[in-house]
Structures are given as C-alpha cells and as structure tokens.
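Take a look at the following structure, please.
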Amino acid sequence: MAEGVKAEAINISIKSTDGEVNFKIKKSTRMGKVFSAFAQKKGVGEGHYRFVFDGNRVGEDVTAAEVGLEDGDSIDAFVEQQGGAADRAL
C-alpha cells in the first residue's frame, strides 16, 4: 500500500427479523468473516442464516468490494431453511 493511503473502511449493517447489527469493515474484508461475527453476536451457529444484498445471495468467499458494498449499505439475513415439502400420505 502506498504511503499515506489508508484502506477505506465502510460501515454496514446486517438486518434480520430480530434486529440489526452494525459492522465497520474494510472493503477487502471477506464476507465470511463478517457473517461469522454476526452469527456469534446472535448466538447461533454459522450457516444458520443466508445473506442477501440487492436481491443477490452473498457468498462467504467474496470481499465487500466484490459485492459492491458502500458505506451505509445493509445486508438482509434470512434463516436458512433446509428440506422441502412435508411428506403426504396418498
């Protein structure tokens, strides 16, 4: 990094049905690190939520810059559902 140039930090929030958690991160931060911190703050295991920004699911291996996150943006967190329809007896 050039002298006098700082990594740009941004403030983002992750919103779920039970509240919002704010983070200050660098644009080079991998989202998996943020998602792990969110899960820890919510007291749930990793993989409990899926994360969506601008209608697109956000993976763990991408950076905030790759997602296109800017200062003040919000990511939506939804409880991950497993499985499909219930079995029905014929």
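The values are calculated or read from the model by the stated rules, or taken from the named source; none is laboratory data. Only a predicted model underlies this, so the values are computations on that prediction, with no experimental measurement involved. No Cβ is skipped: glycine too gets one built from the backbone with ideal geometry, and neighbour counts run over all protein chains shown.
Looking at this structure, is Glu60 at pLDDT 95 or above and not hydrophobic (A, V, I, L, M, F, W, C)?
yes
Provide a single number: the residues in the stretch 2-45 that are closer than 18 Å to Gly72 by Cβ, assigned to a loop (DSSP other than H, G, I, E, B) and modelled with pLDDT of 95 or more.
Residues meeting the conditions: 2.
Sticking with this one: In the stretch 27-72, which residues are crowded, with 16+ Cβ neighbours inside 10 Å, among the charged types (D, E, K, R) and in contact with a Phe, Trp or Tyr (Cβ under 7 Å, 6 or more places away or on another chain)?
none
Please go through the stretch 48-63 and pick out each residue that is within 11 Å of the chain's Cα centre (by Cα), in a loop (DSSP other than H, G, I, E, B) and not charged (D, E, K, R).
Passing the criteria: Val58, Gly59, Val62.
Residues checked against (1) touching a Gly at 6+ places or on another chain (Cβ under 7 Å); (2) at negative phi:
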site: Ser13; (1), (2): no, yes
site: Thr17; (1), (2): no, yes
site: Val21; (1), (2): no, yes
site: Ser28; (1), (2): no, yes
site: Ala39; (1), (2): yes, yes
site: Gly47; (1), (2): no, no
